[in-house]
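A short write-up of the structure that comes next.
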Amino acid sequence: MILFSGSAFWAYGVTGGNAGLVVLTPAYTVEIDIRRYEVILDNSTVGVYNSSSGPTTYQSLLYSASDLEDTNHTLTLVNIDAGRRLSFDRLKHVSGL
């Protein structure tokens, strides 16, 4: 859980890379590697997102919100897919937007 104060924020992390690949195993079954994460803002789920597509990209925007009440907030990013990595880099927040 990330605690911050402000009226807008941007959460950044790593997206892409090996996630989203389709792999054929020796038994010719298909495995799909997906990285999904849930965003919870002020104890309310705002959505489920996928960080699997494209090449590995650092400092990618994972979620943002504006027009928030200019007060204290909590942000939680929950990794949904067991065995997959969700990488969080930083949170930028501002007041008065």
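The values are calculated or read from the model by the stated rules, or taken from the named source; none is laboratory data. As the structure is a computational prediction, the values presented were derived from the model and not from experiment. Because the Cβ atoms are built from the backbone with ideal geometry, glycine has one as well, and the counts that use them run over all protein chains shown.
Of all residues in segment 52-63, those satisfying the criterion of being surrounded by 13 or more Cβ atoms within 10 Å (Cβ to Cβ) and closer than 26 Å to Ser5 by Cβ are Ser60, Leu62, Tyr63.
In segment 87-95, the condition of being of a type outside the set (Phe, Trp, Tyr), part of a loop (DSSP other than H, G, I, E, B) and at pLDDT below 90 is met by no residue.
The residues of segment 41-81 that are under 25 Å from Gly17 (Cα atoms) and part of a loop (DSSP other than H, G, I, E, B), listed by number, are Ser51, Ser52, Ser53, Gly54, Pro55, Thr56, Ile80, Asp81.
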